[in-house]
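**Student:** Submitted below is the structure of interest, expressed as structure tokens.
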Amino acid sequence: MFDDLRDLYQEVILDHGRRPRHARRLEVFDATAKGDNPMCGDRVQVWVHRDADGRIAETGFEARGCAISVASADLMAEVVNGRSDEDVKALAEKFRDLARTGTTDAQTDAQDEALERLRPLAGVHEFPSRVKCATLPWHALLAALQGRSEASSE
Amino acid sequence: MNVTTRPSVSDAAVLDVARIRAEFPILGQTVRGKPLVYLDSAASAQKPRAVIDAMVGAMETQYANVHRGLHWMSERTTDAYEAARAAVARLINAADAAEVVFVRNSTEAINLVAHSFGRGVLRPGQAVVVSEMEHHSNFVPWQMLRDAHGIELRVAPITEAGELDMAALERLLGDGRVGLVAITHMSNVLGTYTPAERIARLAHAHGARVLFDGSQAVVHRRIDVHAIGADFYAFTGHKLYGPTGIGVLWGRRELLEAMPPFLGGGDMISSVSIERSTWAGVPHKFEAGTPAILEAIGLGAAVGFVEDIGYEAIAAHEASLTDHALARLAAIEGVQVIGRAQDRGGVISFTLDRAHPHDIATLLDRQGIAVRAGHHCAEPLMHRLGVSSTARASFGIYTTHAEIDALATALARVREFFA
């Protein structure tokens, strides 16, 4: 009945939406921020722990939201590990393109394993009302890295 | 609009759904290759041919501004605009058409009362009571009044079943400081009807006035503002099969007369000089500027359409749909219906154990089934229920039992999809 929705709900999304690996509040953390989607009531909080070099050592989150938003937060927590703030910011921008348009600059992307990991979320671009589900955790993460407590809404 | 000369099915109190559906052009549409199953009427209802034709007809044959032209077109348009007011007055059994104020929607109606009655009649130190299950439109205006005018805002709780806690309401009224009770007549989330007559009696016994947000209720039941004992009654046109941009505030004449205007401008004055202005009488005092003329005419047509069908037939059809839907949903594993009020109508919120409401809505949409998912502009209620959002199916006069079956079948598949 829903076969044509497998583009949106790929197995990796269903899996991470159901059993997120990073859905936990960090006991020790350097930054945290919340993201709210006032239109639907979805909410996410992200915690970040940095290593001695200031790179991300661990990311945890608590999300109240749909399969897309939970899977997106979980995959995000996975791929930002070991990255600098600059790196995360660049990746967030590419991911936003991916979510909005279904594609990104191919030349750079081919080299970016992280983006490949996030590519299953590209299906949201066909669902304008769902794009924000996928991008909300990233807004929260960027806010945390910038020392803000709340993600600014788009 | 003469309702007695048209064929009516209300005598039999049986609704010929196929005939009614034929009146709604949009219901023949397909969505994503599937026939449209529109279960979002509580958000906004679809429009019958009578409404579409009335609005197009007015634009094509008799349109001008109202209340100011000395020419044929303006006089005819004014007649049509005021006939719509009279139709609304008849629908809700208002004593006088002058008690019907046209506004944009329920939100504006409630803001009008919060502004003009709240600041013009209520005194700082008095209180307003709302309930936990209000739409934001009957919450936020009172918070604004509280902050601007020193009015206390009290919130009457609901019971576990999702009904208004009448004992708690009575306690909130106990100190005699409440000036207004503002409560929904039917919850847009739980489908709960509130006992309007009892609420009004209770409020009046404690010296308070009462406003009902009838946005949902007026769609499903005959409203008699006098039988209820209401002081104000608000509803919007677009949920009642009429157009957007037109709503109604009914108020008792003496209350409306005692209230200062809401917005200032043209059409609401008696005279204007550089020093001061005097106000027009009710209802025009509250209708500043060129009103939503075509939309009012459309609402008048919608009222005629609903009266032709008859509330008896509408209520019977929707009760049958609601019973059917509750039974079908209860049979699906993992589905939880939110709220189990004794007196409830065709607005059903639910959750599914394996899928978030947004995911449910996206999957159902693929089957051409339109439901709402989210907090339904009732965040305090969501908080009370301990959920962040729900999916909601809501019914109209054109909804069929087969559409509810389609919803139930698809929901069971949604659960399998997220297994």
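**Student:** Which of the following residues is under 17 Å from A:Gly147 (Cα atoms) and in contact (Cβ under 8 Å) with a residue 24 or more places away in the chain: A:Val70, A:Val44, A:Val79?
**Tutor:** That would be A:Val44, the only listed residue that is under 17 Å from A:Gly147 (Cα atoms) and in contact (Cβ under 8 Å) with a residue 24 or more places away in the chain.
**Student:** For residues that are over 13 Å from the mean Cα position of the chain (by Cα) and among the hydroxyl-bearing types (Ser, Thr, Tyr), scanning just the range A:103-154, find the one that is modelled with the lowest pLDDT.
**Tutor:** Residue satisfying both the conditions and the ranking: A:Ser153.
**Student:** Do the conditions hold for B:Glu99, that is, is it in contact with a Lys or Arg (Cβ under 8 Å, 6 or more places away or on another chain) and closer than 30 Å to B:Arg366 by Cβ?
**Tutor:** So B:Glu99 fails the test.
Yes or no, residue by residue, for (1) under 18 Å from B:Glu163 (Cα atoms); (2) of a type in the set (Gly, Ala, Ser); (3) buried (at least 18 other Cβ atoms within 10 Å of the Cβ); (4) within 14 Å of chain A (Cβ to nearest Cβ):
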residue: B:Arg328; (1), (2), (3), (4): no, no, yes, no
residue: B:Gly346; (1), (2), (3), (4): yes, yes, yes, no
residue: B:Ser388; (1), (2), (3), (4): no, yes, yes, yes
residue: B:Ala391; (1), (2), (3), (4): no, yes, yes, yes
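**Student:** Would you pick out the residues in the range A:1-33 that are assigned to a helix (DSSP H, G or I) and away from chain B (no Cβ under 12 Å)? Walk me through how you get there before you give the answer.
**Tutor:** Filtering the range A:1-33 for residues assigned to a helix (DSSP H, G or I) gives A:3-5, A:11-18.
A:Val12, A:His16 - these are the residues of the range A:1-33 that are assigned to a helix (DSSP H, G or I) and away from chain B (no Cβ under 12 Å).
**Student:** Still on this model: Quick check on A:Phe95: is it more than 14 Å from chain B (Cβ to nearest Cβ), in a helix (DSSP H, G or I) and surrounded by 17 or more Cβ atoms within 10 Å (Cβ to Cβ)? Outline the logic, then answer.
**Tutor:** Numbers: more than 14 Å from chain B (Cβ to nearest Cβ): yes; in a helix (DSSP H, G or I): yes; surrounded by 17 or more Cβ atoms within 10 Å (Cβ to Cβ): yes.
For A:Phe95, the condition - more than 14 Å from chain B (Cβ to nearest Cβ), in a helix (DSSP H, G or I) and surrounded by 17 or more Cβ atoms within 10 Å (Cβ to Cβ) - is met.
**Student:** Ok, one more. Which numbered condition in (1) touching a Gly at 6+ places or on another chain (Cβ under 6 Å); (2) within 27 Å of B:Ser44 (Cβ to Cβ); (3) assigned to a helix (DSSP H, G or I) is the only one that B:Ala200 fails?
**Tutor:** Every listed condition holds for B:Ala200 apart from (2).
**Student:** What is the one condition in (1) assigned to a helix (DSSP H, G or I); (2) surrounded by fewer than 23 Cβ atoms within 10 Å (Cβ to Cβ) that B:Asp175 does not satisfy?
**Tutor:** Looking at each condition in turn, B:Asp175 falls short on (1).
**Student:** Here's a follow-up. Within the range B:238-274, how many residues turn out to be open to solvent by 10 Å² or more (accessible area, probe 1.4 Å) and under 27 Å from B:Leu122 (Cβ atoms)?
**Tutor:** Qualifying residue count, the range B:238-274: 15.
**Student:** More than 12 Å from chain A (Cβ to nearest Cβ) and either out of contact with any Ser or Thr (no Cβ under 7 Å at 6 or more places or on another chain) or part of a helix (DSSP H, G or I) (or both): is that true of B:Ala410 in this structure?
**Tutor:** Spelling it out, it is not the case that B:Ala410 is more than 12 Å from chain A (Cβ to nearest Cβ) and either out of contact with any Ser or Thr (no Cβ under 7 Å at 6 or more places or on another chain) or part of a helix (DSSP H, G or I) (or both).
**Student:** Give the residue that is least open to solvent (accessible area, probe 1.4 Å), with candidates limited to residues of the range B:22-79 that are on the phi > 0 side of the Ramachandran plot and of a type outside the set (Gly, Ala, Ser).
**Tutor:** B:His67
Every residue, every condition in (1) farther than 30 Å from B:Glu257 by Cβ; (2) part of a helix (DSSP H, G or I), yes or no:
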position	(1), (2)
B:Val14	yes, no
B:Ile26	yes, yes
B:Ala54	yes, yes
B:Ala80	no, yes
B:Asn93	no, no
B:Phe102	no, no
B:Ile110	no, yes
B:His115	no, yes
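**Student:** Provide a single number: the residues in the range B:187-213 that are closer than 23 Å to B:Arg372 by Cβ and surrounded by 24 or more Cβ atoms within 10 Å (Cβ to Cβ).
**Tutor:** 9
**Student:** Follow-up question, since we're still on this one. Quickly run through the range A:46-83 and pick out the residues that are buried (at least 22 other Cβ atoms within 10 Å of the Cβ) and within 14 Å of another protein chain (Cβ to nearest Cβ).
**Tutor:** A:Ala63, A:Gly65, A:Cys66, A:Ala67, A:Ile68, A:Ser69, A:Val70, A:Ala71, A:Ser72, A:Ala73
**Student:** Considering only the range A:34-43, state which residues are open to solvent by less than 90 Å² (accessible area, probe 1.4 Å) and within 11 Å of another protein chain (Cβ to nearest Cβ).
**Tutor:** A:Asp36, A:Asn37, A:Pro38, A:Cys40, A:Gly41, A:Asp42
**Student:** Return yes when A:Ala57 is part of a helix (DSSP H, G or I) and modelled with pLDDT of 95 or more and no when it is not.
**Tutor:** No: the conditions fail for A:Ala57.
**Student:** Any residue at all in the range B:313-331 that's outside the structural domain of B:Ala89 (by TED's automatic domain parsing) and in a loop (DSSP other than H, G, I, E, B)?
**Tutor:** Yes - at least one qualifying residue is present in the range B:313-331.
**Student:** Do you know which residues across the range B:135-172 are on the phi < 0 side of the Ramachandran plot, part of a loop (DSSP other than H, G, I, E, B) and in contact (Cβ under 8 Å) with a residue 60 or more places away in the chain?
**Tutor:** Those that are on the phi < 0 side of the Ramachandran plot, part of a loop (DSSP other than H, G, I, E, B) and in contact (Cβ under 8 Å) with a residue 60 or more places away in the chain: B:His135, B:Phe139, B:Pro157, B:Ala161, B:Glu163.
**Student:** If you take the residues in the range B:350-386 that are more than 9 Å from chain A (Cβ to nearest Cβ) and part of a loop (DSSP other than H, G, I, E, B), which one is farthest from A:Ala63 (Cα to Cα)?
**Tutor:** B:Gly368
**Student:** Another question, if that's okay. Among the helices (runs of 4 or more DSSP H) lying completely within the range B:204-310, list those that include at least 1 residues that are acidic (Asp, Glu) and closer than 30 Å to B:Gly174 by Cβ.
**Tutor:** Per the criteria, B:253-258.
The values are calculated or read from the model by the stated rules, or taken from the named source; none is laboratory data. Remember, it's a predicted structure, so these values are computed and weren't measured experimentally. Positions of Cβ are backbone-derived with ideal geometry, glycine not excepted, and every protein chain shown enters the neighbour counts. SASA here: full protein model, heavy atoms, side chains in, ligands and nucleic acids out. Shrake-Rupley method; radii C 1.70, N 1.55, O 1.52, S 1.80 Å.
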